[in-house]
Amino acid sequence: MKLKIIPKSEQDLSKFFLLIFPISLTLSLSIQFLRDAYFSFSNLLPNNQIFNYGFLDKLYNQTMFGLTISISLMLIFSYLFSKSIGRLLTFFPLIFLTSIGIVSIEFLDVILNFVPNVKSNSLGNSTALIILKIAALSGLFLFASINLLAKKEAVIFHSAQFIFGGLLYYLISLLIVNKNQVVFSDVLLTNTFYTSTHIYVTLSLIFLAIIHFLMTKTFNSILFSRTLASISFWGFLFLVPWSTAKFYYGSVLPNWLENVSIYLSFSILIPLLAFVVNYLKTIATRDSENSNEVLLKLVNFATFIFIFTNLLNIVSGFENLLPILGLTNFVNLISQGYLASMFFAIIALSYYLIPKLFGREVTFKPLDNFAISGLKIGYILLLLNNLFIGINSGYIWNAGANTGNPTIYGEGFNLAWSLIGINYSLSTFISLILFISSTFFFLSLLKAITSGNVTKVEEMVASNE
Amino acid sequence: MSDLINKVAELLKAPASLVQRSAEARAAASGSSVDDVLNSWLGGENITTSTPKEEAPVEEVVETVEEVKEEAPVEEVVETVEEVKEEAPVEEVVETVEELVKIKEERALTFVLSVIFVGLFTYFFGFLTTGNQATALVEESLNNTVEISNEAYIGAQIYSELNCQSCHTQNVRALIPDTQNGKVLRNKYASEAVLNNIGNIRLGPDLSTNATREPTNNKQWLTRYLNDATSVNREIPHPKYNFLNEQDMNYLVTYLLSLGEINE
């Protein structure tokens, strides 16, 4: 395995991000497991300033939604962006510095949690580093724009469009979280637009960038329609940022914003259908004999989770459901759904890239299959569990409102807890499955890179040398 | 052929006569027919990659071009111009090619600007304008500031650092399920420490009116519950905060007991 300290090309840089992605994922999932354990079993575990639910939840937000997402974005930017525009990146040394800078700042943000007197907000950004993050990301966005303009090509491959959109919305989410909050509704607005831009849009666009690449390249398929791909791109770019305000239905947000959010949530069906038709028609033209079935299953699974998540986002726009679903785990469920779809797309991309970048074949032996199956089962259980908790706690908050004496706490909540308590305990075990599976995924990648069979192309290169 | 010319002219937003002259020059240079050249342009295919034998549906051709790793359309076009030199009037072809390149540059620019426009529209119209509307509403109302004691303020900071807002909201919605939680909050001005604690997800009860309800309006009960929740309720898990020193615990309890007043 050859790794250069200072990468000379996009492929060298991709190698670095490809290696640190599973580490970051495993770290995030280990914190998720600890956090869930401290929720359900806090009485059995030692509590201190670090090992308590509140701190671990903040740390989880930073590692998962800060560090891991930034690594995912930089991985696809470093590999797919240049592939998509069909040329080497202009200003590569500066792109290398800014992309490494963004990931380093996110990492530093996680570390700063352990430094006393440095405060970070509940969304996972410390005030000390937010300006640096914005500066680095602005730089990268500028270089991406220059590269797109330098392409001088009327039609660019769709992955580049999705990546470009993802970079912009990551930047916008940081601008949103950096704004001062002076009145009550500012907090709700920040939470609304941060969640939609940072999680919903950025993750959707990362997912779509990878899938549009994989569904044509990996399976030798022909993209069914460029128009449908464009509809997906512009649809998700324009509609999804508005879709989270509906979850604050009845709060002090302006009514027009809540109504716009509801209608635009329904409209997500248009880009979603465009994507689904394009995906199915494209995959149908694949070269069945030479297609890697494991990768195909991974891509199909990622797409299934993505469609399921978007359907939940659309369905939750019904006015009758909003009082039940708002402020519950249902909102977390949608974030987790977008995360899961992106993870499976990246896992598929990782297995696709190992032969390309490291010249080693992935044989999909028991270790690899165990990791993939574990992650699939874990995420299906996680999503279903959160769906159950979200809907039931919402219903019981309704029932609880009419139960007992309104001046006495707990009667409604006791009712809710008796129904969903077991599911919170279950969350801990689901998180454990995910943590173990992601560890195996990391080991599977390492094993393939270090001791996998050398690919035929690599052998030919060696014999020529 | 005239239909093809018109379609290409429409696609490139160039005059039909210019497209025809350019296509004839290209056909002469590459040895293919004018129709083939026009068809290749219609599919967005790179000019030099079109050959009569490689006819394929439009999407397929486009896809093939995309998958070429190192594309350099501009240089290729310039090479073609050099090849054409002897067979067509140089100035005319160069003019045509420059125009095509200019159109392509404009399209990339349009794409970049359009994406930035959508992003800025979301940020300015959705986020900033709405925030300004809310602030303007507060300015118009009377009694629009939140008064809070110094002890409660420190308690609010501790509440935020412990991330209590990850499970508890202080957000009473104008909806029937929330009627037992107290009054709907107004858009008051408040310090950052207080605002941080509003919360997103309601895993535990809403705490907007914590101080006006039993048993959480009792200081001793609250202190005992925060130190070890199982000592008062075995069924519901709540993190232990027995690692807080006595002073910090007092600040936190003072803040929680002020929540009925703050959130009126």
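Some points to look at:
- Filter result (among the small types (Gly, Ala, Ser) and out of contact with any strand residue (DSSP E or B) (no Cβ under 6 Å at 6 or more places or on another chain)) within the stretch B:116-153: B:Gly119, B:Gly126, B:Gly131, B:Ala136, B:Ser141, B:Ser149, B:Ala152
- Some residue of the stretch A:308-323 being at the interface with chain B (Cβ under 10 Å from one of its Cβ atoms) and of a type outside the set (D, E, K, R): yes
- Residues being more than 9 Å from every other protein chain (Cβ to nearest Cβ) and assigned to a helix (DSSP H, G or I) - total across the stretch B:118-162: 16
- Some residue of the stretch A:417-430 being at pLDDT below 90, in contact with a Phe, Trp or Tyr (Cβ under 9 Å, 6 or more places away or on another chain) and of a type in the set (A, V, I, L, M): yes
- Checked against (1) within 18 Å of A:Gly166 (Cβ to Cβ); (2) buried (at least 21 other Cβ atoms within 10 Å of the Cβ), A:Ser265 passes all but a single condition, namely (1).
- Residue in the stretch A:249-271 that is at the interface with chain B (Cβ under 10 Å from one of its Cβ atoms), more than 23 Å from the chain's Cα centre (by Cα), aromatic (Phe, Trp, Tyr) and in a helix (DSSP H, G or I) present: yes
- Some residue of the stretch A:14-27 being surrounded by fewer than 20 Cβ atoms within 10 Å (Cβ to Cβ), within 13 Å of another protein chain (Cβ to nearest Cβ) and out of contact with any strand residue (DSSP E or B) (no Cβ under 9 Å at 6 or more places or on another chain): no
- Index of the failed condition, A:Thr216 passing every other in (1) surrounded by 24 or more Cβ atoms within 10 Å (Cβ to Cβ); (2) in a helix (DSSP H, G or I): (1)
- Inside the stretch A:154-187, residues that are more than 7 Å from chain B (Cβ to nearest Cβ), closer than 18 Å to B:Thr129 by Cα and assigned to a helix (DSSP H, G or I) make up a count of 3.
- The residue list A:Leu80, A:Leu148, A:Leu112 contains one member that is without any contact (Cβ under 8 Å) to a residue 40 or more places away in the chain and farther than 19 Å from A:Ser173 by Cα, which is A:Leu112.
- The stretch A:38-72: number of residues that are within 11 Å of another protein chain (Cβ to nearest Cβ) and in a helix (DSSP H, G or I): 12
- Hits in the stretch B:227-243 - residues which are within 7 Å of chain A (Cβ to nearest Cβ) and either in a loop (DSSP other than H, G, I, E, B) or within 19 Å of B:Gln165 (Cα to Cα) (or both): B:Glu235, B:Ile236, B:Pro237, B:Pro239, B:Lys240, B:Asn242, B:Phe243
- Boolean, A:Ile50 is surrounded by fewer than 24 Cβ atoms within 10 Å (Cβ to Cβ), β-branched (Val, Ile, Thr), in contact (Cβ under 8 Å) with a residue 40 or more places away in the chain and within 19 Å of A:Leu167 (Cα to Cα): no
- Residues in the stretch B:244-264 that are in a loop (DSSP other than H, G, I, E, B) and within 12 Å of chain A (Cβ to nearest Cβ) were compared, and the one that is modelled with the lowest pLDDT is B:Asn263.
- Looking at A:Phe141, A:Phe193, just one residue is out of contact with any Ser or Thr (no Cβ under 7 Å at 6 or more places or on another chain) and closer than 22 Å to A:Thr309 by Cα, and that residue is A:Phe193.
- The stretch B:191-220, residues that are more than 7 Å from chain A (Cβ to nearest Cβ), crowded, with 21+ Cβ neighbours inside 10 Å and assigned to a loop (DSSP other than H, G, I, E, B): B:Asn197, B:Gly199, B:Leu203, B:Asp206, B:Leu207, B:Ser208, B:Thr209
- Flag for A:Leu97 being aliphatic (A, V, I, L, M), free of Cβ contacts under 8 Å to residues at least 12 places away in the same chain and more than 9 Å from chain B (Cβ to nearest Cβ): yes
- Residue that is farthest from A:Ser437 (Cα to Cα) [pool: residues in the stretch A:358-378 that are surrounded by fewer than 19 Cβ atoms within 10 Å (Cβ to Cβ) and among the hydrophobic types (A, V, I, L, M, F, W, C)]: A:Phe364
- Checking A:Gly337, A:Gly317 one by one, the residue that is at pLDDT 90 or above, under 30 Å from B:Gly199 (Cα atoms) and not in a helix (DSSP H, G or I) is A:Gly317 and no other.
This table checks each residue for (1) within 20 Å of B:Asn227 (Cα to Cα); (2) in contact with a Leu (Cβ under 7 Å, 6 or more places away or on another chain).
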| residue | (1), (2) |
| --- | --- |
| A:Glu10 | no, yes |
| A:Ile20 | no, no |
| A:Ser42 | yes, no |
| A:Asn48 | yes, no |
| A:Asp57 | yes, no |
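- Of the residues making up the stretch A:80-87, not a single one is buried (at least 24 other Cβ atoms within 10 Å of the Cβ), within 10 Å of chain B (Cβ to nearest Cβ) and either in contact with a Cys (Cβ under 8 Å, 6 or more places away or on another chain) or part of a loop (DSSP other than H, G, I, E, B) (or both).
The values are calculated or read from the model by the stated rules, or taken from the named source; none is laboratory data. Note that the structure is a prediction, hence the values are computed from the model and not measured. As a convention, Cβ positions derive from the backbone with ideal geometry for all residues, glycine included, and neighbour counts pool all protein chains shown.
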